[in-house]
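These notes concern the structure reproduced below.
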Amino acid sequence: MNNIYKTILLCCCIFCFSDLLAQKPVDRKASKQTKNLYKNLSKLSETKILFGHQDDLAYGVGWKYQDGRSDIKDVTGEYPSIYGWEIAGLEKDSPINIDSVPFLKMQEYIRQVYDRGGVNTISWHLDNPSNGKTAWDTTRLTVPLILQGGKYNGIYNLWLDKVAVFLKQLKGSDGKAIPIIFRPFHELSGSWFWWGKNQCSPDEYKKLWQYTANYLSEKKNVHNLLYAYNMADFTSRQEYLERYPGDEYVDIMSFDAYQFTDPITDNTFTLKVDKQLSIQDSLSKEHNKIPAFAETGYEAVPYSEWWTKVLAKTIGNHRIAYVLVWRNAGFRPEYGKFHYYAPFKGQASETDFIKFYNLDKMIFQEKISQHQIYRKKMF
Ligand code: BMA
């Protein structure tokens, strides 16, 4: 064999070997686009952070369902790079979700995001299958009742069937299934949801997760998901891992944390989140998972420099693939206050958000489109 052929063969071997070693999603049958998203997100997270916003295209403060509009785009000229969507309501065949977003519109937004190379993530504040009350109903120890052999297992399966239909029909203009970061049973270390820490044992939580993932992938052939494990508060590695369903069931390790007190006089948020990010940094490295800050924000952003002085500072050099702020619902009569987490045109933190947007690390739509994260790359 002459030298040129030897070199080509060697390159092929190195390429195949590195591909074998490369991280892969836990669903071994994950679609090509889902695998590529996983690898690219993992690689990007070494140096960059995607910025996300819940329900960004559906509504903002003072508007609803205006084609192409986004509060983030109104402020920066660019869309976010990751978008959160919520599917509570699907389980009871409602045409709209818990926050009144029509599922048909949501499907269309998810397609637009994928078509321009952005990322979609979905959460599910599903009702309590044992009594039809909301996700916040903690009056029953529901988890064991919906697992195999449980009284409400049939209902839960029916709900999963509906979710599977919805997830599978998410298709891009290229006809491919749209990869979704699926974040079920979120904020698991809190005790405000029926799957929370006071409502089930660690083992029951793990079983719920494993059952759900197996059902969706094996029974329903849903292969466009990356699974995101999501904590609320935690103070140690042990706590973070207590309910972790296992490396073969999780792609992304994440948590949620909100600013509640005035950051000018109280730095608890920064201290707490910095510590949580450190714990997650090391665990995600050890477990070979992608780390993320799945939900954060300061309701109504009353501190005009929150983005650079608190959020960017707190994130510091921690590794996260993305950070996502919650929805811009505007004034909520039921809460008697404004409920929004991203700036909008004229909002007090607008100028500071532009500084945050301009940070080298932050990725919004244009950069994510250039990265072509659904394509295979050689790193
Ligand atoms: C919560 C609030 C609620 C909303 C729920 C699900 O944090 O924003 O108003 O219904 O999320 O999106």
Review point. Which residues, taken from the stretch 110-133, are open to solvent by less than 10 Å² (accessible area, probe 1.4 Å), over 18 Å from VAL163 (Cβ atoms) and within 16 Å of the ligand (Cβ to nearest atom)?
Key: none
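Going by what's in this entry, would VAL323 be described as modelled with pLDDT of 95 or more and under 19 Å from the mean Cα position of the chain (by Cα)?
Considered against the rule, which asks whether it is modelled with pLDDT of 95 or more and under 19 Å from the mean Cα position of the chain (by Cα), VAL323 comes out as yes.
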Practice item. Give the number of residues within the stretch 159-173 that are open to solvent by 20 Å² or more (accessible area, probe 1.4 Å) and touching a residue at least 24 places away in the same chain (Cβ under 8 Å). Key: 7
Check your understanding: Is it the case that the stretch 203-218 has a residue that's in a loop (DSSP other than H, G, I, E, B) and either at negative phi or surrounded by fewer than 21 Cβ atoms within 10 Å (Cβ to Cβ) (or both)?
Key -> no
Practice item. Write out, first by first residue and then by second, each pair whose Cβ atoms fall under 8 Å of each other, whose residues are 6+ apart or on separate chains, and whose first residue, in the stretch 77-98, is within 12 Å of VAL163 (Cα to Cα) while the second is open to solvent by 10 Å² or more (accessible area, probe 1.4 Å) and within 10 Å of the ligand (Cβ to nearest atom). Key: GLU86/ILE98; GLU86/ASP99; GLU86/HIS125; ALA88/ILE98; ALA88/HIS125; GLY89/ILE98
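Considering TYR298, TYR303, which residue is within 16 Å of the ligand (Cβ to nearest atom), of a type in the set (Ser, Thr, Tyr) and at negative phi? Show your work before the answer.
Values: TYR303 fails: within 16 Å of the ligand (Cβ to nearest atom).
None of the others qualify; the one that does is TYR298.
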Practice item. For ASP352, indicate whether it is touching a residue at least 24 places away in the same chain (Cβ under 8 Å), outside any loop (DSSP other than H, G, I, E, B), open to solvent by less than 20 Å² (accessible area, probe 1.4 Å) and farther than 27 Å from LEU188 by Cα. Key: yes
Review point. What are the pairs, 6+ residues apart or on separate chains, where a residue within the stretch 17-33 that is farther than 20 Å from ASP174 by Cβ has its Cβ under 8 Å from a residue that is modelled with pLDDT of 80 or more and part of a loop (DSSP other than H, G, I, E, B)?
Key: GLN23/ASN288; LYS24/ALA30; VAL26/ASP247; VAL26/GLU248; VAL26/TYR249; VAL26/VAL250; VAL26/ASP251; ASP27/HIS223
Practice item. Tell me the strands (runs of 3 or more DSSP E) entirely within the stretch 276-349 that contain at least 1 residues that are open to solvent by 20 Å² or more (accessible area, probe 1.4 Å) and not basic (Lys, Arg). Key: 290-298, 330-332, 337-339
Check your understanding: Could you count how many residues in the stretch 91-109 are out of contact with any Leu (no Cβ under 8 Å at 6 or more places or on another chain) and crowded, with 18+ Cβ neighbours inside 10 Å?
Key -> 2
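The values are calculated or read from the model by the stated rules, or taken from the named source; none is laboratory data. Keep in mind it's a predicted model, so treat the numbers as computed, not measured. Cβ atoms come from the backbone with ideal geometry, glycine included; neighbour counts cover every protein chain shown. For accessibility, only protein heavy atoms count, side chains too; no ligands or nucleic acids. Shrake-Rupley method; radii C 1.70, N 1.55, O 1.52, S 1.80 Å.
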